[in-house]
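The values are calculated or read from the model by the stated rules, or taken from the named source; none is laboratory data. Predicted model, so just to flag it, every value in this text is computed and none were measured. Here the Cβ is made from the backbone with ideal geometry for all residues, glycine too, and neighbour counts use every protein chain on show. Heavy atoms of the whole protein, side chains included, go into the accessibility calculation; ligands, DNA and RNA do not. Shrake-Rupley method; radii C 1.70, N 1.55, O 1.52, S 1.80 Å.
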Amino acid sequence: MGSDSDAAGAGERHTSPGSEEERIHILSPELADQIAAGEVVERPASAVKELVENAIDAGATRINVEIEEGGLKRIRVTDDGCGMGAADARIAVRRHATSKISNREDLFAIGTLGFRGEALPSIASVSRFELITKPAGRLGGTRVVIEGGERVSEGEYASAPGTSITVDDLFFNTPARLKFMKTRSTEVKHVLEAVQRLALPRPDVAFSVVHNGRRVLDLPVCDGHYARVHSIVGRDDSAYLYAAPDAEQDGVRVSGFFSQPALTRRTTNGIYTFVNGRFVRDSTILGAIRVAYRGLIDRGRHPVVILFLEVATAQVDVNVHPMKTEVRFHRADAAFRAVRRALANGLSACPWLPRGDADAADDGGATASRAGDPGPISDWSAAPTGRPSDATQAPRRYAADRFSGVPVGDSMLDGLPSRSYALRAGGPAAAGEGGLNEVHTEDLLPETGYFSSLVYAGQVHSLYLVCSDPEGLVVVDQHAAHERITFERLRTVWAERRTQQQPMLLPEVLHFDSLRAAILSDNLDFFAALGFDIEPFGDTDFALKAVPAMLSGGRYANMLTDALDDLADTGDSGRVDEAIDAILSRMACHGSVRSGDTLSPSEARALLEELDAVDFGANCPHGRPVYFRMSLAEMERRFDRR
Amino acid sequence: MKITLDTSTLSRELFKLQGVVNSKGTMPILQNALIEASDSGELTLHATDLDVSVTTTSECEVSQPGRITVRARDLYDVVKNLKGERVTLEKEDNQWMRLTSDTVRVRFVGMNPDEFPQVQRADEVQFVPLPTDRFMRMIDRTIFSISTDEGRPNLTGALFKKAGADRISMVSTDGHRLSMISAPVDAEGKQLPSELEDGVIIPRKGLAELRRTVDLTAPEISFGLRGNNVVVRHENTTMFVRVIDGNFPNFDQVIPESKKERMAYVDRATLIDRIKFVSLFSNTKTHNVRIELEEATCTISAQDPDKGECEEKVQAAYDSETVQAGYNYRYVLDVLNVIGGEQVALELVDTLSPTLIHELDSEEGERSLFIVMPMRI
């Protein structure tokens, strides 16, 4: 970028009369590397990321990262990968040198993490750099030393098989960059984050990070994704994680883990998404996650989600940005739908609700709180890495029970603009097809719902209903619970009556740019299903002839524009539903039992029974939790009985 | 500046400014009233929110002419609570203003009057008179159906337009319904302003302020145009309202042809009462009711899956074919509530065509018509 603007500036001056000097010249390779380093090596964590990626691509099974002073004094990445011969080692530190691609076709079918051939020379140009490498089975290794991009020495060197790269005094020759570094602890945090992102999709590789001689991260090789997720997310949070049912849409395969709505974070830090094993931050995927959790968690809160997307390498372009955290999908809508479906199916099953029969409560409910037991994440779906045999190895019955919510069929999800309307009431009929059915063993469905099976103990402070289940204590917020029930009922009614339309006396002419107009033309049916009657009216103009009666008086043009932008980004939009949900949830709030109302035992039981009739029983429409549960085990701990 | 005047006069005049002073906004000066006292014993008060400006004049005892500006809301709150009959306002150093009345002493922080936006003068405006009650009826019959959608600014005001020789009309629509009234105007031989040939769009705020402040006991108001402002003068008050830039939609084409034989005559008060009753069973968000006309009967019904259904029959003078349509009942009530006359005429065509509501027994020479688009239930 710097080079572009320099060249442009020089070009202008060059054309001015009387100037004969040659002002434009080719940058020296060292300077070019430093410029590239500006993009690739932003901070120590980015150098670590590049080096660890190389190690992974080299087939390492154990990767050690040592850093000193947040990585600014020293970074050393040691792996036991394939290593390099002397000739390779010498050329590897040159720009655009890579073993990972060799022709243009390869660029569009990238299976490795790195490919640009920029990492080593970029890092070497802004540090004192030492590369020691030896291929397995060779006698001697090679050592190459570079300082600020200038080769200082190279020669034979005795070493263990694999590669060890030491980066000392990062940014020593680019003081401007050095000034931007944060405190040491911030840099360490970034390094850890970078390594965790690389480690999540690779449970078959061991990672460790040592800072100033102290081990700060240790991830041994483990069996399957869950164990790795468990050790990275932490024991407390992973108790709230569940395996998402696999979903596939037009060549995009999704698997992974999602948090129950009770676990949220203030930032999107808990969202890890991987495309073909590469960590990415993609607005399509994030949008799909947001849509799936809509109405379940507070606005401004974010779930913890770890998702692995598998896409044919030709269907995704990773060569978008030097940092490679952005990707471009050829079919963004497919990615959106696959992610949304995986999460919506998982969430609608409410796996965190123990089910009514005693077995389920015993197995499922209690494991959630049993320390150290990775129980909540069940193996009921094929493991993300593809361990189909697990299902037979561990036929855990509770797993099926936990997910016994009636599955949401594909047909319903795709026919309607959001999963919101896939209420349980319409479930059994719609369960004919869809990716979830194979894991939902219908004959294991318990007869009574969880909340109906609770033993009601009483109401406290006219606010909470105290109940017990076979394995614990359950406290229900009466207002939140009733609000959820009312909300779901209103939503069903709205879904049935969405055809109530208020036509316009004077049709509103909507002007759109050609891009939005094209999207609108393609999606007239989508809007018609929501109750908007829109007709083409010239090239890029449309006549709005009727609106959903519930929204009449609103700002239709703004809402439609937002919805079109969503459609362009993700192939779907929940704007209209969000607007409807906002109205419904206000209505639900007013029409519900208040906090402070005294309930008779029969009223309380009726409320609990109704709670079983709605999906997503765990949060009120504003996102607040409806109930919490304390297991007997936890109570015993509190009374020091354990 | 130093003036003395009746407390009640000052209070009454300050009241007229309250609607346009801006309580929050980026320009603090707009929260102020500009107070000017002239040699000739005249007190002028101004306030503006840049779209609507109000100027009032009244007599007072001027000891020393001058100008000052203080927060209009604070001044009004003080003056309306004074017990003394006379009040004195006096300018002090640094833009402070002292108010004394009987035993009360108040000092207000003022601002430099030079910062106050330029006050518009109505000197050259050609005014056309209109009876006050007629002007009020025109506002009442149109203001409720002005759109609140800022995305369609041209609908956020009422069209004020010449309607044939010596007639003036006011029209409003929010896209779903339309209200229009035309009334004779006696220009006393003078021409109506030429801008009214195409009409100007008066924003809702201006109409609401006019309705709020116009002295109904005064027999006449007069209106005119100056630049892009409508100027309305009544008694000692002049209001400038900036008109909305934009074209009002061509509504003539959506007004269905009216046919006498299709009209159903219903008692207005009964209809209002019964629609309110039946609406207990309409959806609280869509406000749906159904109206069916058959021989001698108008049937009002509503249903909601949560509540049930309700039906009521009202006597109607009607002998045409049976027709029915669904409505947002609020749209219907809005019309029935503002019109006069014992009876109202409903003209339904079918569920897809606009429904006409005619005001009967209008005041001398006035004609109003209301169009409501049925809802598809």
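Exactly one residue among B:183, B:122, B:158 is in contact (Cβ under 8 Å) with a residue 24 or more places away in the chain, surrounded by fewer than 20 Cβ atoms within 10 Å (Cβ to Cβ) and of a type in the set (Gly, Ala, Ser), and that residue is B:122. Against the criterion of being more than 14 Å from chain A (Cβ to nearest Cβ), touching a helix residue (DSSP H, G or I) at 6+ places or on another chain (Cβ under 7 Å) and closer than 30 Å to residue B:162 by Cβ, residue B:368 qualifies. Scanning the range B:61-87 for residues that are open to solvent by less than 20 Å² (accessible area, probe 1.4 Å) and touching a Gly at 6+ places or on another chain (Cβ under 8 Å) yields B:68, B:69, B:70.
Annotation: residue A:529 fulfils all but one of (1) away from chain B (no Cβ under 13 Å); (2) open to solvent by less than 20 Å² (accessible area, probe 1.4 Å); (3) over 26 Å from residue A:630 (Cβ atoms); the unmet one is (2). Only a single criterion out of (1) surrounded by 15 or more Cβ atoms within 10 Å (Cβ to Cβ); (2) closer than 28 Å to residue A:506 by Cβ is not satisfied by residue B:337, namely (1). Screening A:495, A:481, A:457, A:518 for residues that are at pLDDT 85 or above and over 30 Å from residue B:371 (Cβ atoms) leaves exactly one candidate, A:457.
The numbered conditions (1) within 30 Å of residue A:508 (Cβ to Cβ); (2) open to solvent by less than 30 Å² (accessible area, probe 1.4 Å); (3) polar (S, T, N, Q) are all true for residue B:303 except (2).
Scanning the range B:291-316 for residues being modelled with pLDDT of 95 or more and within 13 Å of chain A (Cβ to nearest Cβ) gives a total of 0.
Residues in the range B:146-161 that are at the interface with another protein chain (Cβ under 10 Å from one of its Cβ atoms) and either within 9 Å of the chain's Cα centre (by Cα) or within 21 Å of residue B:196 (Cα to Cα) (or both): B:155 alone.
Looking at the range A:178-185, is at least one residue closer than 19 Å to residue A:54 by Cβ and surrounded by fewer than 24 Cβ atoms within 10 Å (Cβ to Cβ)? The answer is no, given that none of the residues of the range A:178-185 is closer than 19 Å to residue A:54 by Cβ and surrounded by fewer than 24 Cβ atoms within 10 Å (Cβ to Cβ). Restricting attention to the range B:319-334, the residues being in a loop (DSSP other than H, G, I, E, B) and either among the β-branched types (Val, Ile, Thr) or at pLDDT 95 or above (or both) number 1. Pairing residues of the range A:270-282 that are outside the structural domain of residue A:334 (by TED's automatic domain parsing) with residues that are open to solvent by less than 10 Å² (accessible area, probe 1.4 Å), at Cβ distances under 6 Å and at least 6 apart in sequence or on separate chains, gives no pairs at all. Regarding residue A:256, is this residue among the small types (Gly, Ala, Ser), in the same structural domain as residue A:300 (by TED's automatic domain parsing) and closer than 26 Å to residue A:59 by Cβ? The answer is yes for residue A:256. If you go through the range A:447-485 and keep only what is of a type in the set (S, T, N, Q) and not in a loop (DSSP other than H, G, I, E, B), you end up with A:459, A:468, A:478. Of the listed requirements (1) hydroxyl-bearing (Ser, Thr, Tyr); (2) more than 22 Å from the chain's Cα centre (by Cα); (3) in the same structural domain as residue B:190 (by TED's automatic domain parsing), residue B:132 misses just one: (2).
Within the range B:201-212, the set of residues being more than 8 Å from the chain's Cα centre (by Cα) and open to solvent by less than 10 Å² (accessible area, probe 1.4 Å) comprises B:201, B:202.
Of all residues in the range A:502-525, those that are more than 10 Å from chain B (Cβ to nearest Cβ) have Cβ atoms under 8 Å from Cβ atoms of residues that are outside any helix (DSSP H, G or I) and of a type in the set (Phe, Trp, Tyr), 6 or more apart or on another chain, in A:512/A:542; A:517/A:542; A:520/A:512; A:520/A:542. For the range B:255-288, residues that are of a type outside the set (Val, Ile, Thr), part of a loop (DSSP other than H, G, I, E, B) and either surrounded by fewer than 18 Cβ atoms within 10 Å (Cβ to Cβ) or within 14 Å of chain A (Cβ to nearest Cβ) (or both) total 8. In this structure, does residue B:228 turn out to be open to solvent by 50 Å² or more (accessible area, probe 1.4 Å), over 16 Å from residue B:332 (Cα atoms), in contact with a helix residue (DSSP H, G or I) (Cβ under 7 Å, 6 or more places away or on another chain) and not basic (Lys, Arg)? Spelling it out, it is not the case that residue B:228 is open to solvent by 50 Å² or more (accessible area, probe 1.4 Å), over 16 Å from residue B:332 (Cα atoms), in contact with a helix residue (DSSP H, G or I) (Cβ under 7 Å, 6 or more places away or on another chain) and not basic (Lys, Arg).
Count of the range B:162-182 residues, restricted to those that are of a type outside the set (A, V, I, L, M, F, W, C) and more than 14 Å from every other protein chain (Cβ to nearest Cβ), is 6.
Being among the aliphatic types (A, V, I, L, M), surrounded by fewer than 16 Cβ atoms within 10 Å (Cβ to Cβ) and either at pLDDT below 90 or assigned by TED's automatic domain parsing to the domain that holds residue B:185 (or both), is that true of even one residue in the range B:98-112? No, the range B:98-112 contains no residue that is among the aliphatic types (A, V, I, L, M), surrounded by fewer than 16 Cβ atoms within 10 Å (Cβ to Cβ) and either at pLDDT below 90 or assigned by TED's automatic domain parsing to the domain that holds residue B:185 (or both).
Selection of the range B:181-240 for residues being of a type in the set (D, E, K, R), farther than 21 Å from residue B:364 by Cα and in contact with a His (Cβ under 9 Å, 6 or more places away or on another chain) yields only B:215.
Restricting the range A:532-551 to residues that are outside any strand (DSSP E or B) and open to solvent by 30 Å² or more (accessible area, probe 1.4 Å) leaves a set whose member that is farthest from the other protein chains (Cβ to nearest Cβ) is A:539. Being open to solvent by 40 Å² or more (accessible area, probe 1.4 Å), at pLDDT below 75 and more than 14 Å from every other protein chain (Cβ to nearest Cβ) holds for only one residue in A:605, A:555, A:594, A:586, and it is A:594. Taken together, the criteria place residue B:325 among residues that are in contact with a Leu (Cβ under 7 Å, 6 or more places away or on another chain), crowded, with 16+ Cβ neighbours inside 10 Å, within 13 Å of another protein chain (Cβ to nearest Cβ) and among the small types (Gly, Ala, Ser). The residue that is farthest from residue A:338 (Cα to Cα), among those in the range A:250-276 that are open to solvent by less than 30 Å² (accessible area, probe 1.4 Å) and modelled with pLDDT under 85, is A:263.
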